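These notes are about the structure you will find just below.
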Amino acid sequence: MTTVVAPAGPAPAGPGLGVPRARRLADVLAAPARMASGTEELGALRCRVADDLEALAGDLPDGERLQLDGHRLLLAHRSPERCREPEPPFAPSPRGCRRAVGVAAVARCVRGAGCAPAAAVAGVLAEAVADLEEPGGPARAPWWARWYAGLPAGGRAVVQAEAVAWATRLVTAVEWGRFERPPVVGGRDDWWQSRGAVLTLRGRAEVRVASHQRVALLVVGSRTCGEDWRLELGYPGLVATLVRAPAAAPSRVVGIWPESGQVRVLDLDAATLGRVATAVAAAVGTWVDARIDAAGGREEPPRP
């Protein structure tokens with residue numbers, strides 16, 4: 001797997017990252033922050049970003065709510081005209097749920113509960129089906145469990161193959177034993193909400209690594225890394241900064257695109273987060289305008 005690393009700013013100290021080494025990737029995740037900002041600076045950034053987003057959310061039509069995740073952010077950035085198209089209803093698919101199953105399997109591997117990704121994925125799938133059959137089990141079963149249980153044998157095999165491939169790429173990308181504290185694999189996404197929950201930002205990372213009283217995020221991308229990779233990686237870092245205390249804000253985000261063998265490192269400071277926030281505000285504005293148009297457009301101001 002050919003690895004390309006393009007850090008933001010000066011090259012990181014220590015070994016270069018031109019060669020794909022799981023050990024080096026682990027070291028980058030665990031390294032102290034290189035571009036640290038003070039808590040006061042981050043606190044001011046949080047207030048400024050929240051005020052800007054609140055103002056944009058106030059333009060949503062009555063009764064409208066907007067949830068911005070990584071997919072909608074990049075859609076607004078890359079193809080803003082598509083934000084005006086009706087969004088198709090969500091339908092589970094093997095590719096669509098491979099991340100959810102794969103993350104749970106990788107968490108087992110890292111904890112030592114699964115000897116290999118294939119065995120871990122099989123265990124995750126079997127437990128989900130078993131939960132559906134136990135009293136109270138459906139409430140704790142993952143969102144994809146009922147859909148998966150209703151598939152024929154061939155469909156289940158496709159789901160398992162997709163999840164095993166996804167989990168294997170993540171398991172082999174990092175030397176997990178190098179961390180002093182076990183990293184958090186999966187876990188809850190970061191959520192930021194405006195007043196009244198009219199606007200919600202969802203930040204997702206596959207792995208969180210404790211790094212010198214801060215946290216580093218690992219994000220798994222799909223297919224190839226785009227030119228806007230700084231926005232793709234900076235977005236979960238920004239959301240985490242908005243919902244965490246400034247002293248616990250993430251220090252960096254590492255992105256891997258296993259299907260194309262690419263890696264990027266984005267160190268986070270107030271200036272970098274500010275640029276990401278500007279792009280996020282532009283994306284929110286694009287979606288708000290699309291909702292206004294769908295609702296019939298803006299009202300003309302009364303003439304004097």
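Computed quantities for the displayed model
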item: Single unsatisfied condition, Val215 versus (1) under 22 Å from Leu42 (Cα atoms); (2) at pLDDT below 95; (3) hydrophobic (A, V, I, L, M, F, W, C); (4) out of contact with any strand residue (DSSP E or B) (no Cβ under 8 Å at 6 or more places or on another chain); result: (4)
item: Some residue of the stretch 206-223 being loosely packed, with under 15 Cβ neighbours inside 10 Å and under 19 Å from His77 (Cα atoms); result: yes
item: Residue in the stretch 216-230 that is acidic (Asp, Glu) and closer than 30 Å to Ala120 by Cβ present; result: no
item: Inter-residue pairs, beta-carbon under 7 Å, first under 16 Å from Ala22 (Cα atoms) and in the stretch 244-260, second among the small types (Gly, Ala, Ser) and part of a strand (DSSP E or B), 6+ apart; result: Val254/Ala216
item: Unmet criterion (only one of (1) modelled with pLDDT under 95; (2) over 22 Å from Gly187 (Cβ atoms)) for Gly96; result: (2)
item: Residue that is surrounded by the most Cβ atoms within 10 Å (Cβ to Cβ) [pool: residues in the stretch 142-155 that are within 23 Å of the chain's Cα centre (by Cα) and of a type in the set (A, V, I, L, M, F, W, C)]; result: Ala145
item: Scope the stretch 102-141; condition under 22 Å from Arg169 (Cα atoms), surrounded by fewer than 20 Cβ atoms within 10 Å (Cβ to Cβ) and not basic (Lys, Arg); matching residues; result: Gly112, Ala113, Cys115, Ala116, Ala118, Ala119, Ala122, Gly123, Ala126
item: Helices (runs of 4 or more DSSP H) enclosed by the stretch 107-174 - at least 2 residues per element that are within 15 Å of Gly186 (Cα to Cα); result: 117-132, 153-173
item: Whichever residue in the stretch 187-224 is assigned to a loop (DSSP other than H, G, I, E, B) and among the hydroxyl-bearing types (Ser, Thr, Tyr) and, among such residues, is farthest from Leu56 (Cα to Cα); result: Thr224
item: Filter result for the condition that a residue is within 18 Å of the chain's Cα centre (by Cα), part of a strand (DSSP E or B), buried (at least 16 other Cβ atoms within 10 Å of the Cβ) and among the charged types (D, E, K, R), over Arg252, Arg230; result: Arg252
item: Near pairs, Cβ below 8 angstrom, 6+ apart or cross-chain, from the stretch 58-71 (in the same structural domain as Leu201 (by TED's automatic domain parsing)) to any residue that is β-branched (Val, Ile, Thr) and assigned to a loop (DSSP other than H, G, I, E, B); result: Gly58/Val198; Leu60/Val198; Glu64/Val198; Arg65/Val198; Leu66/Val198
item: In the stretch 162-197, residue surrounded by the most Cβ atoms within 10 Å (Cβ to Cβ) [restricted to those that are farther than 19 Å from Arg111 by Cβ and without any contact (Cβ under 8 Å) to a residue 24 or more places away in the chain]; result: Gln193
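The values are calculated or read from the model by the stated rules, or taken from the named source; none is laboratory data. Just so we're clear, the structure is a prediction, and the values are computed from it rather than from any experiment. Neighbour counts are summed over all protein chains in view; Cβ atoms, including those assigned to glycine, are modelled from backbone coordinates with ideal geometry.
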